[in-house]
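Heads up, the thing below is written out as structure tokens.
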Amino acid sequence: MASSTLASVSRISGASLFAATKSVSQTSTRSFAPIRAVADDPAAPDAAATPPDVLKYAKSLPGVTQPFPNIFDPATLLARAASSARPIKELRRWRESEITHGRVAMLATLGFIVGEQVEDFPARFFPHVTGPAIYHFQQVEQQGAIFWEPLIFAIAIAEAYRVGLGWATPTSENFNTLRDDYEPGNLGFDPLGLLPSDPEAKKDLQNKELNNGRLAMIAIAGFVAQELVSGQGIFEHLFKRFGLD
């Protein structure tokens, strides 16, 4: 009788333990699967708030690279674009803006570094210009030189060409949008013939331009902030920081 009772208790305990273990395993799987997905790509766009066509179009654009293969969108900009009346047109306009600002930032970053390093070069246009690059513009006109007017005129010409090439006629339906046949960033300016005809090679080059432009936008913001705070040039501050001056 006792042995029969012990056998029944053993079978019941074993079955209960197996069922409890299975339940915990299933619960753990359900609990931690979303956490693993979030950890893999925490900056991915919210698929629930973004229509499939908008997400598909965004993923087809250049600039979606590692380590964010599912788009880097921590600010949920795709969801905001999807809430507009013309989500695809809105994304195209944003891409045009990103490319343009990235190109300007790359030129500005190079200009900051070069401008501060040629102070001792004997043959330069403005020998009286010295110090941090954020004050170079002001120093140019202190000596009576005309600088801002030609600069603004050149920018106006460049922008007028870009608007005429890529932007739609500003009617009520197409206000602030790009032409449908215009590829964002493609101004037809390629004097060195760098743009490849192969689609894969072309997208790879566009990825490089976008990533370098994004880095340059962060860099130029850092340059300006650093020089405003320290009052020193980029490399002057860097050398003093590491005791190399």
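The numbers here are math on the coordinates, done by the rules we state, and not lab data. These numbers come from a predicted model, not from an experiment. Positions of Cβ are generated from backbone atoms using ideal geometry, with glycine treated the same way; all protein chains shown enter the neighbour counts.
For trypsin sites (Lys or Arg not before Pro), the sites in the stretch 74-141 that DSSP calls loop and that have at most 15 other Cβ atoms within 10 Å are R124. Segment R103..Y135, full-extension length gain: 9.3 nm, with 0.36 nm per residue of separation and the alpha-carbon distance subtracted. Rg over Rh for the stretch 88-245 works out to 1.04, using Cα positions for both radii and the Kirkwood form for Rh.
For the residue pairs K59/K208; K56/K202; K89/K202; K56/K208, the C-alpha atoms sit more than 18 angstrom apart in K56/K202; K89/K202; K56/K208. Rounded, prolate or oblate: which fits the stretch 40-111 when a ≥ b ≥ c are the square roots of the eigenvalues of the alpha-carbon gyration tensor, with rounded for a/c under 1.5 and prolate only if a/b beats b/c? Here the stretch 40-111 falls in the oblate category. In a DSSP loop and with at most 13 other Cβ atoms within 10 Å, the chymotrypsin sites (Phe, Trp or Tyr not before Pro) in the stretch 174-245 are F175, F189, F242.
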